[in-house]
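The values are calculated or read from the model by the stated rules, or taken from the named source; none is laboratory data. Keep in mind it's a predicted model, so treat the numbers as computed, not measured. Methodologically, a virtual Cβ is constructed for each residue, glycine included, from the backbone with ideal geometry; neighbour enumeration extends over all protein chains shown. For accessibility, only protein heavy atoms count, side chains too; no ligands or nucleic acids. Shrake-Rupley method; radii C 1.70, N 1.55, O 1.52, S 1.80 Å.
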Amino acid sequence: MQSTIDLESLEIFRAVIDAGSFTAAGEMLDKDKAHVSRVVSRLEKRLGVQLLKRSTRSLSITEIGRDLYERACGILNALEETEACIAQAHGEPRGLLKVTAGTEFGLMRVNCWISEYLKRYPQVQVEADFSNRIVDVIHEGIDVAIRVGPLVDSELSVRPLGCIRYGLYASCAYVHARGEPESLQALSEHSLIMFSPKGKPVWLLVKGKQRQEITGEALCIINNSLAARDLAADGLGIALLPHFQAAPLVSQGRLTQILKDWERVPVPVSAIFTSSRYMTPKVRAFVDLAVADFKTSL
């Protein structure tokens with residue numbers, strides 16, 4: 001059913017009531033008094049009711065006119081709020097951004113993104129949760145969740161950020177004392193520090209189309225890759241580490257990469273959020289920053 005009331009009529013009618021006269025309403029809207037009067041008269045004719053009582057000296061609103069005025073205010077205010085939201089959606093990032101990530105990746109990378117994000121956008125605040133628990137993005141009001149590894153099916157929006165690449169690392173002191181293995185088979189003769197959240201630790205290594213599983217006895221099995229990195233840096237053995245975790249210690253001379261042709265299958269990292277169609281500026285800016293960081297440093 002086609003409406004008999006247009007927005008201009010509602011806007012002019014509201015202005016007449018707010019201003020108290022056709023003349024004042026015309027001045028408020030920068031319209032001619034005669035035009036304002038014609039629009040109100042046309043609106044009354046369309047609806048078949050009297051909205052205003054007119055006299056040479058006064059103007060008063062009828063009961064049904066009061067009802068229309070209140071409804072007109074609700075409709076016009078809602079439209080104005082909608083326009084403001086749309087304008088804000090394309091503006092400067094602002095407000096509180098709630099971010100979650102796993103503990104290790106959060107500390108090593110997401111924290112760097114947050115630091116740069118806060119420097120770039122002075123009108124934002126960040127609330128970060130770095131933990132390995134499963135976070136309910138919707139019910140906990142999370143704006144962006146950073147996930148490491150394959151994703152389960154979800155109705156949430158996903159933007160791939162990149163992949164974490166891994167290599168084998170040992171301390172220079174360890175290599176000097178034990179020698180550098182020349183092949184994967186030689187790893188069985190070395191002390192291995194193996195990361196494993198649970199179960200039997202396995203290294204699945206690739207070199208081009210070659211794939212090899214390493215399941216030998218480990219000197220240490222640990223469920224935190226940062227701890228594995230530090231044990232390797234202390235000269236206790238060889239660890240399979242993300243390049244970005246090892247890099248600071250390599251630059252300090254505490255770690256060196258071995259068997260460089262072999263690596264773990266890269267692990268995907270994704271940003272999860274509630275909607276890509278109506279992504280707010282604060283979310284879009286943070287995700288774009290994360291994508292750019294992957295291209296330059298991971």
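Among the conditions (1) under 24 Å from CYS112 (Cα atoms); (2) touching a Gly at 6+ places or on another chain (Cβ under 6 Å), the only one that ALA227 does not satisfy is (2).
Within the stretch 76-104, if we keep just the residues that are part of a helix (DSSP H, G or I) and at pLDDT 80 or above, the residue that is surrounded by the most Cβ atoms within 10 Å (Cβ to Cβ) turns out to be GLU104. Note on the stretch 189-212: residues that are more than 17 Å from GLN245 (Cβ to Cβ) and among the hydroxyl-bearing types (Ser, Thr, Tyr) amount to 1. Between PRO242, PRO248, PRO197, the distinction of being at pLDDT below 95 and under 26 Å from the mean Cα position of the chain (by Cα) belongs to PRO242 only. Identify all residues within the stretch 174-185 that are over 10 Å from ILE238 (Cβ atoms) and open to solvent by 100 Å² or more (accessible area, probe 1.4 Å); write none if there are none. Residues satisfying the conditions are HIS176, GLU182, GLN185.
For the criterion of being of a type in the set (S, T, N, Q), more than 28 Å from PRO281 (Cβ to Cβ) and within 35 Å of the chain's Cα centre (by Cα), SER191 fails. For the stretch 61-75, a tally of residues being more than 11 Å from SER9 (Cβ to Cβ) and open to solvent by less than 50 Å² (accessible area, probe 1.4 Å) returns 6. Residues in the stretch 203-262 that are among the β-branched types (Val, Ile, Thr) and within 25 Å of SER131 (Cβ to Cβ): ILE221, ILE222.
At least 2 residues being surrounded by 20 or more Cβ atoms within 10 Å (Cβ to Cβ) is the threshold, and among the strands (runs of 3 or more DSSP E) wholly inside the stretch 108-172 those reaching it are 144-148, 157-164, 166-170. For the stretch 7-51, taking the residues that are outside any helix (DSSP H, G or I) and open to solvent by less than 50 Å² (accessible area, probe 1.4 Å), the one that is nearest to GLY65 (Cα to Cα) is identified as LEU51.
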